[in-house]
Amino acid sequence: PTPIRLPDPADCWQTLRATPFDAADRNTADGNTAVREPAARTAAALTTATALTAELDRVFNEVDLIATPTTPNPPHGHDGPGDTMSVALTWAFNITGHPALSVPAGLTADGEPVGLQLVAPHGREADLLAVAAAAEAAAAGPAGAR
């Protein structure tokens, strides 16, 4: 077992998603450059992204793959999750760019699908895809039956 202690990626993910890097500084009407609040938030987000990457790189020095649930919430319909954020377990990997994917991992007691998220070190996409293919084949059972 390798402990993983990631900083909370929520604010970082939301900031990077909402704030274009080139919009962090804006010229004022008098021609002076004023640093807006988003610049400070973007700087904090980049600090968090650096910490996330460093911790994941440390973990990947000890393990070949990370497996997590894909979402902390039950599945939702095509109309979306409503006010429930279902991406909290994917944010860190979206921020750091680590290759990740989700494979079917069975059903809940109510018959709803469950996803298993697999994450690999940078540059190990082929290994990630091989493990995902093996997991899907194992879940399908003999001769791909479901």
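Here are the numbers:
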quantity	calculated
Chain lengthening between Glu136 and Asp83 when straightened (0.36 nm per residue, less Cα-Cα)	16.0 nm
Solvent-accessible area of Asp127 with every protein chain in place, 1.4 Å probe, in Å² to the nearest 10	70
Cα lying deepest toward the dipole's positive end in region 42-146, options Thr71, Val103, Val87, charges on Cβ	Val103
Karplus-derived 3J(HN,Hα), 6.51/-1.76/1.60, for each residue of region 47-54, Hz, glycine and proline x	5, 5, 4, 5, 5, 4, 4, 4
Rounded to whole Hz, the Karplus (6.51, -1.76, 1.60) HN-Hα couplings of region 2-18, x for glycine and proline	10, x, 10, 10, 8, x, 4, x, 4, 5, 4, 4, 5, 5, 5, 6, 9
Accessible surface, 1.4 Å probe, highest first, among residues Ile95, Ile4, Ile66	Ile4, Ile95, Ile66
Residue order for Ser86, Ser102 - accessible surface, 1.4 angstrom probe, largest first	Ser102, Ser86
Solvent accessible area, Å² - Arg124, 1.4 Å probe, full protein context	80
Accessible heavy-atom area order of Glu62, Glu112, highest first, probe of 1.4 Å	Glu62, Glu112
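The values are calculated or read from the model by the stated rules, or taken from the named source; none is laboratory data. Because the structure is a prediction, the values reported are computed rather than measured. Counting neighbours? That spans all protein chains shown, and the Cβs are built from the backbone with ideal geometry, glycine included. All accessible areas refer to the heavy atoms of the entire protein, side chains included, with ligands and DNA or RNA removed. Shrake-Rupley method; radii C 1.70, N 1.55, O 1.52, S 1.80 Å.
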